[in-house]
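This report concerns only the one structure given below.
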Amino acid sequence: MAEKGARAQLENVARQMFIDGKSLSAIETELGVSRQTLSAWKGLTKKPGEDLDEWDKARARKANFGLRMEALLERELTFAEEKQPGAIDSSLMDSLTKLGSLVVKFKQAESNGYFKNKVNAAADEVAKAVKKGGMTADQAKEIKDKILGIV
């Protein structure tokens, strides 16, 4: 368990871990902070009348980053294509190159397992939950394999 008074240090770490895609249960295990405490910290950031708290909003912004960069690249390429031949200056070409490189790097991160790790972690959580519910290890593995599409 985390020490009392460690909130100032642990809350920001927990928030970043959540934004990076970890579940509250995984954060609980890693930081030694109870799930109830994490939920309370998360809930304190919710503003009245809003559906999402700040942790969820930040997670959504991070998840949409790649799509936003891709859309921006598409708009900028369309703008450049509509210019007269020879009217594209070197600064625009440099910006397009850098933006394209950023989109490619993000796509590589996606394909190299960033999201695959999240799916595997979710499947592991389900397997743990069904084991606690009385299923055998083989039954839990079968369910996990179905989630991962291994069947």
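The values are calculated or read from the model by the stated rules, or taken from the named source; none is laboratory data. Because the structure is a prediction, the values reported are computed rather than measured. Virtual Cβ from ideal backbone geometry, glycine too; neighbours counted across all protein chains shown.
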For this session: Take the stretch 42-59 and flag every residue that is surrounded by fewer than 11 Cβ atoms within 10 Å (Cβ to Cβ) and in a helix (DSSP H, G or I).
Result: Gly43
Seminar exercise, completed: The condition from (1) at pLDDT 75 or above; (2) more than 18 Å from the chain's Cα centre (by Cα) that Gln108 misses is numbered (2)
Exercise. If Asp56 satisfies every condition in (1) modelled with pLDDT under 85; (2) in contact with a Phe, Trp or Tyr (Cβ under 9 Å, 6 or more places away or on another chain); (3) in the same structural domain as Lys141 (by TED's automatic domain parsing) but one, which is the exception?
Worked result: (1)
Problem set entry | Residue identified as at pLDDT 85 or above and surrounded by fewer than 11 Cβ atoms within 10 Å (Cβ to Cβ) among Gln36, Gln16, Gln84 | Gln36
Exercise. Does any residue in the stretch 43-62 that is within 10 Å of Ile19 (Cα to Cα) come within less than 7 Å, Cβ to Cβ, of a residue that is of a type outside the set (Val, Ile, Thr) six or more places away or on a different chain, and which pairs are these?
Worked result: Trp55/Arg15; Trp55/Phe18; Trp55/Lys42; Arg59/Phe18
